[in-house]
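Report on the structure given below.
The values are calculated or read from the model by the stated rules, or taken from the named source; none is laboratory data. Every value quoted in this text rests on a predicted model; they were computed, and no experiment measured them. Counting neighbours? That spans all protein chains shown, and the Cβs are built from the backbone with ideal geometry, glycine included. The protein model used for the area step is the full one, side chains on, heavy atoms only, and it has no ligands, DNA or RNA in it. Shrake-Rupley method; radii C 1.70, N 1.55, O 1.52, S 1.80 Å.
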Amino acid sequence: MSSKNIFENKVVIVTGAAAGMGEAIAIAFAEKNAKVVACDLNLADVEKVAEKIKKSGNECIAVPSNVTKEPDIDSLVKTTLKHYKKIDILINNAGILFPTKIEHISEKEWDSVINVNLKGVFLCSKAVLPVMKKNKYGRIINMSSSAGKNISTLGGAHYTASKAGVLGFTRHCAKEYAEYNITINAVCPGLIDTEMVRKNVTTERLDNYIKSFPIHRLGTPEEVASLVLFLASDEASYITGCSLDINGGDLMI
């Protein structure tokens, strides 16, 4: 995907775009001439990403959204359509992680993780699918995790359950909407060098993980972004309902 204009005239929504993988994905799409709608819970943080993109001469608007609240997502879609008239691509990236052991997970914390990581994917997909169906074109990429296929390295059982749920939802959604030229896939990162990872693990423990990986390093948000862009491109038009691993060989199945 060397062409700078590969996503020219495409409109992409990226949730959780204020930092980490979401920020890298938003920037990567903008660099390929997509019109980016960057959304996150904190408007000030996501506006910084939008400004960074606009300073590079690319298009981006920042929209505050809580992916667990249907009115917020409806507003996000309406704002996107008001600005750009269509929605071509959705990246369901918003997510949270807590390392809590099962017996110490409160009902509130369980609900919080499931709501952001799984319900958010459902609500955002539900909101854009009618638009994509009408246009007979769409690409949805859901951020799962290697935890969805195994168990979480850093997160608790609620994180593992939510990411496994994302994989199930992805398969079902892909089957249901394939006839409308909408492809829906999941990406399963392992340990990626983000703030969320580093704040949940000691340096010593992280070093031990890195040494155990066949590729002895963490992945970068930019590498994840490259995979996401591939799945959103026409080069991947015959791929749907799948989950692609990016984990340095930590999980091979």
Response to the item:
Result of the Cβ filter at 7 Å on the stretch 92-115, keeping first residues that are part of a helix (DSSP H, G or I) and partners that are aromatic (Phe, Trp, Tyr) and open to solvent by less than 60 Å² (accessible area, probe 1.4 Å), at least 6 apart or interchain, is Val113/Tyr159
Fill in: Hey, Leu229 touching a Cys at 6+ places or on another chain (Cβ under 7 Å) and closer than 23 Å to Gly138 by Cα or not
no
Item to complete: Tell me, yes or no, whether the stretch 200-208 has at least one residue that is more than 14 Å from the chain's Cα centre (by Cα) and hydroxyl-bearing (Ser, Thr, Tyr).
Response: yes
Item to complete: State yes or no: is Thr183 within 16 Å of the chain's Cα centre (by Cα), surrounded by 17 or more Cβ atoms within 10 Å (Cβ to Cβ) and within 19 Å of Val128 (Cβ to Cβ)?
Response: yes
Worksheet item: Does Gly165 qualify as being under 22 Å from Arg198 (Cα atoms) and not aromatic (Phe, Trp, Tyr)?
Response: no
Discussion item. Exactly one of these conditions fails for Ile253: (1) part of a helix (DSSP H, G or I); (2) β-branched (Val, Ile, Thr); (3) loosely packed, with under 12 Cβ neighbours inside 10 Å. Give me its number.
Written reply: (1)
Item to complete: Report yes if some residue within the stretch 107-120 is crowded, with 18+ Cβ neighbours inside 10 Å, at pLDDT 95 or above and among the hydroxyl-bearing types (Ser, Thr, Tyr); otherwise report no.
Response: no
Worksheet item: Among the residues of the stretch 224-243 satisfying the criterion of being among the aliphatic types (A, V, I, L, M) and more than 13 Å from the chain's Cα centre (by Cα), which is most open to solvent (accessible area, probe 1.4 Å)?
Response: Ile239
Worksheet entry | Residue that is least open to solvent (accessible area, probe 1.4 Å), among those in the stretch 27-54 that are within 17 Å of the chain's Cα centre (by Cα) and in contact (Cβ under 8 Å) with a residue 60 or more places away in the chain | Phe29
Item to complete: Being closer than 27 Å to Thr100 by Cβ and open to solvent by 90 Å² or more (accessible area, probe 1.4 Å) is the filter here, so list the residues in the stretch 209-223 that pass it.
Response: Lys211
Practice prompt. Go through the stretch 124-243 and tell me which helices (runs of 4 or more DSSP H), entirely inside it, have 3 or more residues that are without any contact (Cβ under 8 Å) to a residue 24 or more places away in the chain.
Written response: 157-177, 203-212
Worksheet item: Scanning for something under 25 Å from Gly249 (Cα atoms) and of a type in the set (S, T, N, Q), does the stretch 99-114 turn up at least one residue?
Response: no
Item to complete: Look at Ser75 and say whether it is open to solvent by 70 Å² or more (accessible area, probe 1.4 Å), more than 18 Å from the chain's Cα centre (by Cα) and among the polar types (S, T, N, Q).
Response: no
